[in-house]
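Engineer: My questions all concern the structure below.
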Amino acid sequence: MPTERTEVLVRPGKEADLQALTDLYNHYVRETAITFDTNVFTPEERRSWLVSHPEDGPHRLLVAQEVPSARILGYATSSAFRPKAAYSTSVEVTVYCDPVAAGRGIGTLLYTSLFEALGDEDVHRAYAGITLPNEASVALHTRFGFAPAGIHREVGRKFGAYHDVAWYEKELGSAAGEQTAA
């Protein structure tokens, strides 16, 4: 039986995506230890997260949308790594895919677009925290040039068990932070 071929559009997230993005994230809250959130969110509770990712700048939200159905297949973000000013050239990145999109290359498509968008930003390093075990996420980050930076052992407890988080880092090559001789 032939399958219908669909196109996937990667674009900035917008207000109209809030329900779908919240539903997608809540799947991971309810069903996995991939996120350490333990309570599901309403769209209104996720609104501040959405608006903290504008269309430009170092903190982005990109969504993968199936065409023509408009279904959100996943999203990737770059967010502030830590709140102190000296961390401003570092971002934490993440990608979440709808389980029905597994194996379709959506994570790769999203990260390709995200890192391309960050290319002109004053960002020096990207960090990713991966709850272990998660072979697919480790493989994705390794393909994008992330290297292991350490493991926080039993740092989170969810579903009655402690979980390790492996941290990965990637140099993004921002020259904007380099000092020049006066």
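Bear in mind that the values in this text are calculations on the coordinates, not laboratory data. What you are looking at is a predicted structure, and each value in this text was computed from that prediction instead of being measured. We place every Cβ from the backbone using ideal geometry, glycine too, and count neighbours over all the protein chains shown.
Engineer: For residues that are assigned to a helix (DSSP H, G or I) and without any contact (Cβ under 8 Å) to a residue 12 or more places away in the chain, scanning just the range 23-44, find the one that is surrounded by the most Cβ atoms within 10 Å (Cβ to Cβ).
Structural biologist: D23
Engineer: Which pairs turn up if I take residues in the range 115-126 that are over 17 Å from H53 (Cβ atoms) and look for partners that are outside any loop (DSSP other than H, G, I, E, B) with beta carbon separation below 6 Å, at least 6 apart in sequence or on another chain?
Structural biologist: Every condition considered, the pairs that remain are R125/S90; R125/E169; R125/E171.
Engineer: Assess whether R60 counts as being buried (at least 18 other Cβ atoms within 10 Å of the Cβ) and basic (K, R).
Structural biologist: For R60, the condition - buried (at least 18 other Cβ atoms within 10 Å of the Cβ) and basic (K, R) - is met.
Engineer: For A86, are the conditions met, namely being of a type outside the set (F, W, Y), out of contact with any strand residue (DSSP E or B) (no Cβ under 7 Å at 6 or more places or on another chain) and under 20 Å from G173 (Cα atoms)?
Structural biologist: yes
Engineer: For the range 63-72, which positions are buried (at least 16 other Cβ atoms within 10 Å of the Cβ) and of a type in the set (D, E, K, R)?
Structural biologist: Scanning the range 63-72 gives a single hit, E66.
Engineer: From the set of residues in the range 48-100 that are in a loop (DSSP other than H, G, I, E, B) and hydrophobic (A, V, I, L, M, F, W, C), which is nearest to I34 (Cα to Cα)?
Structural biologist: Once the filter is applied, the top-ranked residue is F81.
Engineer: May I ask you to list the residues in the range 35-84 that are among the hydrophobic types (A, V, I, L, M, F, W, C), more than 15 Å from the chain's Cα centre (by Cα) and under 14 Å from Y25 (Cβ atoms)?
Structural biologist: V40, F41
Engineer: Which residues, counting only those in the range 73-112, are buried (at least 19 other Cβ atoms within 10 Å of the Cβ) and closer than 15 Å to E55 by Cα?
Structural biologist: Of everything in the range 73-112, those that are buried (at least 19 other Cβ atoms within 10 Å of the Cβ) and closer than 15 Å to E55 by Cα turn out to be Y75, A76, T77, S78, L110.
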